[in-house]
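The block underneath contains the structure these notes are about, expressed in structure tokens.
Derivation of every value follows stated rules applied to the coordinates shown; laboratory data play no part. Given the structure is predicted, the values throughout are model-derived calculations rather than measurements. Note that we place each Cβ from the backbone using ideal geometry, even for glycine, and neighbour counts take in every protein chain shown.
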Amino acid sequence: MKFEFSEDQEMMRSEARRFLQKECTSAVVRSVLESDKPFDERLWKAICAMGWPGVALPEQYGGLGAGYLELCVMAEELGRSLAPIPFSSSMFLAAEAIMRGGSDAQKAEWLPKLASGESIGTLALGEGPGAAAWEKCGAGAERAGSGFVVTGVKWPVADGMAADVAVVPAKDSHGLALYLVKLDQPGVERCLEPSFDESRPQGRITFKAAAAERLAMSDLATLEDVINRAAILYSFEQLGGAEASLNMAVAYAKDRYAFGRPIGSFQAIKHKLAELYAQLELARSNCYFGAWTLSTDDATLPEAAACARLGASRIYFECAKECIQVHGGIGFTWAFDAHLHYRRSKVLSAVIGGQTRWRETLIRALERKNCTSQSDHSRVA
Amino acid sequence: MKFEFSEDQEMMRSEARRFLQKECTSAVVRSVLESDKPFDERLWKAICAMGWPGVALPEQYGGLGAGYLELCVMAEELGRSLAPIPFSSSMFLAAEAIMRGGSDAQKAEWLPKLASGESIGTLALGEGPGAAAWEKCGAGAERAGSGFVVTGVKWPVADGMAADVAVVPAKDSHGLALYLVKLDQPGVERCLEPSFDESRPQGRITFKAAAAERLAMSDLATLEDVINRAAILYSFEQLGGAEASLNMAVAYAKDRYAFGRPIGSFQAIKHKLAELYAQLELARSNCYFGAWTLSTDDATLPEAAACARLGASRIYFECAKECIQVHGGIGFTWAFDAHLHYRRSKVLSAVIGGQTRWRETLIRALERKNCTSQSDHSRVA
Amino acid sequence: MNFDDTPEQAQFRAEARAWIASNKISFGSVKGGGFAAIREWQRIKQKGGWGCLHWPKKYGGRDATTIQNVIFSQEEEAAGVSMLSIANSITIGMAAATIMHCGTDQQKQKHLPRIATGEEIWCQLFSEPVAGSDLAGIKTRAIKDGDEWVVTGQKVWTSYAQYADWAILVTRSDPTVPKHKGLTYFLLDMKSPGVEVRPIKQASGGSDFNEVFLDGVRIPDSNRVGDVGDGWRVALTTLMNERATIAGVYPTNFDDVWKIAKQTPLGEGRAIEDGAVRALLADWYVWHCGLKNFGLRIQSTLSQGRTPGPEASCSKLLLGAQRQAFLSEAMDLLDVGGTALESGSEMGLHFAFLRVIGNRIEGGSDEVLRNIIGERVLGLPVEPRVDKDTPFDQVPTSRRD
Amino acid sequence: MNFDDTPEQAQFRAEARAWIASNKISFGSVKGGGFAAIREWQRIKQKGGWGCLHWPKKYGGRDATTIQNVIFSQEEEAAGVSMLSIANSITIGMAAATIMHCGTDQQKQKHLPRIATGEEIWCQLFSEPVAGSDLAGIKTRAIKDGDEWVVTGQKVWTSYAQYADWAILVTRSDPTVPKHKGLTYFLLDMKSPGVEVRPIKQASGGSDFNEVFLDGVRIPDSNRVGDVGDGWRVALTTLMNERATIAGVYPTNFDDVWKIAKQTPLGEGRAIEDGAVRALLADWYVWHCGLKNFGLRIQSTLSQGRTPGPEASCSKLLLGAQRQAFLSEAMDLLDVGGTALESGSEMGLHFAFLRVIGNRIEGGSDEVLRNIIGERVLGLPVEPRVDKDTPFDQVPTSRRD
């Protein structure tokens, strides 16, 4: 057995990390945070030039064909560096939806463009506040000529201003389905939706009988499948951010002196950081298992995805929050980077639904299995 | 304003504490824990001789007529000393039920006996595991001659083996009602129900057409009212236990040395105890407010009772649990008293329903008020 | 237990209420708003005899009891003018209190009357980038030069520095003695040459605080409070009053989350129908009431003529981290939509969720408060100190030392 | 990532499985049960060549790799015989490992073969009433007398002392030097005069542990392990192996709470229909899987031929307190009925809820593990030590000192 990344994958990670340390500095993140630009184009272009977006896509669609484990590694490093680019929206959401639900023609049309970065995609999931069941979606679709038109308002949409194409859940006469909608058409209006984390801008997209194409495999199950798979990928992005904030806190605890001692020698700080580290390793373990199910299409993917997402969402917020606390006053300043993780952690934990929704998703998955839990260690002792 | 106990009440507390320190030692608690006796008779008799059970009952019913605040003080001291006697079952539950629901004749028959300790009462509330709605009770009552008979099984019943009379919720044709049942009759069988805390034994009582008397005011609302009022009284008993375990931990943290220092000088211990103290003071504050509503029959009693109970149940368990942890290995021995509080805290937090039930009770009370929360500090700042 | 005023208290309350009703102003009603209004409200109050209730008569007060002070504050709050007074609490509660306790007669004569009338607004120059929780570790240097001191250094986390006329200031006058023994305390005219105020932008976007740079600022020795080297004792007097000042204002956001729970969809219905949300609301309400009722106990202590001790820090300790955790849950209820500004701004939720970060740090961090409660309330022993008896300039302040 | 055996591993696993299937015994199948069965299983395993897989061939092992050891344990577990081996882990995992690393040739010759065949069961005499987390603070005194040592003191928390033939023992041979420098390590024949074993009754009712009183017990110098005064280093060898021994067995009770949630009434329905209960179950499952998957990562490390470091303590740290909190919630779901034995015993819930108290203390308390992770994994600096360089007999051990 080998329940860890391979040497090749770790080498890919090192290269990615080196590149991002140099090219995705805090100044780059802040250039998006403090402006109206939807993402950092220079960084995005460099990353696309290296082929990262297509790392898991088959070669026939312009990808590198490496696999999902490699994509997880990339996600972790992008999360660590707070990369202000539409990578996850385009690849975890749009490309996944097209891979899972698209016809051969749809795949052939869109995947190469997404892999190369020529087009940016997203999933227009949200319809305002609340964890309403996906099937209660308010957007509607109907036939128009040989195609469809979609009408409705979606907000917030991650990278909604950056995207060229959106996968849009909308109801038609058969129930919920997924539609591909190009965003540069008259039936689409969009505006920036100010976000809790302005370094990952969101949009509000109004569809008024916008021309749309129906994804070939396109129902609630497809949507759920796409979201489950995205959850695993996002969980690695979250993991990277969590580790970055924890490392920032640990470094400060060694450097900062109070009462004549490094503050990390005080148990109040030391034990807090040790506890976070342990929690992070537990969360990481669930992410790894998720990655394995993703790479093997294992039947336990739905539970594994929920475990990865719930753990990673929680630990990223905890690490970001306590990183600020360890820093004290300076951590609470705009100029210091700790709040970037605080903001990012909340946006990533909301983007495909929050904890309330995912807890329910997990329990339903377990109910379907009638609780054959993953382990048999689970007995009273 | 004076939101604290009066000097007289504090003097009564000092006397009670002195008495209990002497007469309710750990050996007395263990004499019940480690035997089959339903309570410590010597202690109970001494306490009855001083008139404590009747402290809040009107003088016309043999009480001292002092009031509920005095009863709260007593409850706190009894909780602190882990008193293995049926005080709370008899007074917080049975006497309260008769006071709230009984006819003049019923009051005149039973309250003097309960006040003097000649009779012991209880409320036979439980019907096995789970927080089913009270009105889903399985026991039934029907007319028989001039009276009623009750049939059903109640377990666990606090002080079920000690009690002479029980107030029994049972369903009749009008719905849920409360019945007074003498327990020394052929229609009643009972056995010891082994309990998580054997120093407060519980019983299983089987009623087979047992002769019963209906309480005059006797419906679900009465039962809820009785339980709400009892919740405040129990919360003081819990508060006393919480403070006793916290004090035990603090004393040990000052005395026990490791690494050449008292362990209480380590932040791991110091901060844990400080946090518990603060939580305890918050819980205490809610108990005080509950006591005030009880003493004035204020309309906010239901919410105040839930707040007192939820806070006190939680902090007692936390203090008992962490008291053991601070003691390390010795805390985990049978011979050491810390586990007595661990056990007691769980029994007291279950006796009139657990946290799951009380959270729901609280939210329903707030919904009824349409959320006019107690304070107007509650605004975003 | 009762929440009733005594007859004397009731009469005092009635007078206060009547006076406030016929004299009150608002931020909007004074030209310039902000501190202009705050100064004006202080002036009006003092003119009416309500400005500095608890001060001795000779300084313009009326020797009021603590509970009378509390009652007046309650009536200000009920009348919606409390924000006009709270912003002045550093001046009245900390600077004036310190001058009153430790100042010279000359200092009292000079400042107290002008504080009473709102002519002087004060700020507090204590914390430094290198000295937050470890306040006695400050480095701002004061060097005696004839009848003056020359002060150079950097202070931080100073509220209202941009509006203040004067400041209370702690400096290091002797770095060769142990840290607590080489401090000296001054009153600083903020218009002195060499004082520069720069706002700090917070993670939450706003700027509640400033940095204050002191570059060769000259302070006459007559502005020294306490002896040379006795600044720590004077600073403790100020801090004791700070805790009393901070206690009592507890935004819990319970009403906000209740509203969110009622309005927000969840599954097939509304969030408030869900058991987990109900449990959250219940825990939130218990905490909300706990803070409120704890506050009532502190008020009761004051009302009985006693002074609350360090145990009053409990509510501050239990405010920040819990509020942050709850607000995080509230954000989560909004799900995908929770990060969009509209859902946030409607409730002030995003701002609260960012601002709460500061609650755990400002006015005594959670860690400092746990030490205080552990040591001063529970009597637990202090940690071994490596810095206490060492000359300050030999105490390690970085890994290089 | 894959969970597949290599061809070699698969073959090894097949052999192990086949051998276990045709040789396995049970507690019930051996007269006397308990340790008689444990000894017998060890004897049978060694006879078949499976007794001490990772030992060198010359001591009766087969130089197996760590992953082969893991595979054999997995197969023992799958065959339901793992309890017969786990109870012997102190003997094999700690005593034998220490003898192997630090013992003399004579000690190895004498004990290892008898350990391999189950003839010797060992226990560990380390902790004392005065020295738990601070293990180096032990007081049990060893005084040299000719070729022997005379040992007097009290040990505690000793599992299986009543069954053990031998013990590993740490003593203080010199109290006048700093604490870590005055310790000496011995192998003790438990049948020596002056050894008395008394069971400790736990808060949970059972007696998993003993006190062991040593009164003038004589130990030949040839039973000393390591140099005089070098006992701390030897003890650390033992403890490193203890953590490896404890890791991996994690009862999470998830299946139990799932059953409770499905069966237990709540409101008008069943507990599992309630949102708060579903949230609890979800959090419980995430934790359950986290521990399981963390264990897989440790296995993967072993499988790759590497040794897990102190970070392996994470799962032990996250086990106890969380399990206790979850079990408390499970008790709460049972409501009024939760404290009655029937509802508890059905699920083993009451026992688990009491026994879990020990999870946070035994084998390294939560506080000790946080220090280890903080210092050895994250590299955070140690606290100032008041006891490290002081002669042991001058280190304060009570308020009187």
Given +1 on the Cβ of Lys and Arg, -1 on the Cβ of Asp and Glu, and no further charges, what dipole in debye does the stretch B:119-260 carry about its Cα centre, rounded to the nearest 20? 140
Summarise the partner chain shielding of D:300-309 as one whole number: the mean count of Cβ atoms from other chains within 10 Å of each residue's Cβ. 2
Using packing as a proxy for protection, rank D:211-220, D:284-293, B:127-136 so that the peptide with the highest average count of other Cβ atoms within 10 Å comes first. D:284-293, B:127-136, D:211-220
Checked against a 26 Å limit on the C-alpha separation, the offending pairs among A:Lys321/D:Lys259; B:Lys107/B:Lys154; C:Lys24/C:Lys57; A:Lys254/C:Lys179 are A:Lys321/D:Lys259
Set of aspartates and glutamates with alpha-carbon distance to C:Lys31 below 15 Å, sequence-local pairs under 8 removed: C:Glu40
Which chain C residue comes nearest the axis with its C-beta when you rotate C onto D, and by how many angstrom? C:Gly275, 2
So the label point sits 7 Å from Cα along the Cα-to-Cβ vector; using that for C:Ser82, what distances do you get to the other copies, in nanometres, sorted shortest first? 5.9
Between D:Lys262 and D:Asp5, what is the spin-label point distance in nm, taking each point 7 Å from the Cα along the Cα→C-beta axis? 3.2
Mind pulling up the Rg/Rh value for chain B? Radius of gyration and Kirkwood radius, both on Cα. 0.98
Taking every other residue with Cβ under 13 Å from the Cβ of D:Gln107 and scoring Lys and Arg +1, Asp and Glu -1, one gets 0
Would you tell me which residue of chain A has the beta carbon closest to the rotation axis bringing chain A onto chain B, and how many whole Å away it is? A:Gln267, 2
How are the C-alpha pair distances of the protein assembly as shown spread across 10 Å bins, as whole percents from the shortest bin up? 1, 7, 13, 18, 19, 18, 14, 7, 2, 0, 0
How well do other chains shield peptide C:360-370, expressed as the mean number of their Cβ atoms within 10 Å of each residue Cβ? 5
Straight-line reach from B:Lys2: which lysines fall under 26 Å, measuring Cα to Cα and dropping same-chain residues less than 8 apart? C:Lys292, C:Lys316
Descending semi-axes in whole angstrom, ellipsoid equivalent of the stretch B:115-218, from the Cα gyration tensor: 21, 16, 12
If you add up the charges near C:Val212, with Lys and Arg at +1 and Asp and Glu at -1, over every other residue whose beta carbon is less than 11 angstrom from its beta carbon, what do you get? -2
Taking the Cβ-Cβ separation of C:Lys144 and C:Phe351 as r and a Förster radius of 56 Å, what is the calculated FRET efficiency to the nearest 0.05? 0.75
Value at 222 nm in deg cm²/dmol, rounded to 500, when DSSP H runs of n ≥ 4 in chain B each add -39,500 (n - 2.57): -16500 deg cm²/dmol
If one computes the Cα centroid of the stretch D:88-157 and of the stretch B:137-210, what distance in Å separates the two points? 59
Summing Lys, Arg as +1 and Asp, Glu as -1, what charge do residues with Cβ under 14 Å from the Cβ of C:Ile44 carry, C:Ile44 excluded? +2
If you place +1 on the Cβ of every Lys and Arg, -1 on the Cβ of every Asp and Glu, and leave all else neutral, what size is the dipole of the protein assembly as shown about its Cα centre, to the nearest 20 Debye? 1700
Spacing of the two label points (7 Å from each Cα toward its C-beta) at B:Asp219 and A:Ser26, in nm: 6.6
Could you work out how far apart the two model spin labels at B:Ala335 and C:Arg114 are, taking each label as a point 7 Å from the Cα in the direction of the beta carbon, and quote it in nm? 7.2
Ranked highest first by average number of other Cβ atoms within 10 Å, how do A:37-46, A:55-64 line up? A:55-64, A:37-46
Summing -39500 (n - 2.57) over every DSSP H run of at least 4 in chain D, dividing by its residue total and rounding to the nearest 500, the 222 nm mean residue ellipticity is -13500 deg cm²/dmol
Distances in nm, one decimal, shortest first, from A:Lys2 to the same residue in every other copy, taking the label point 7 angstrom along Cα→Cβ. 7.8
At 7 angstrom along the Cα-to-beta-carbon line, where would the label on A:Leu220 sit relative to the other copies? Give the distances in nm, shortest first. 3.2
How big is the gap, in Å, between the Cα center of the stretch D:269-303 and the Cα center of the stretch B:5-38? 43
Going by average Cβ neighbours within 10 Å, how do the peptides C:28-38, C:296-306, C:94-104 rank, with the highest at the top? C:94-104, C:296-306, C:28-38
Per residue of D:269-276, how many C-beta atoms from partner chains lie within 10 Å of its own C-beta, taken as a mean? 6
Based on alpha-carbon centroids, what's the gap between the stretch A:300-363 and the stretch D:328-401 in Å, whole number please? 28
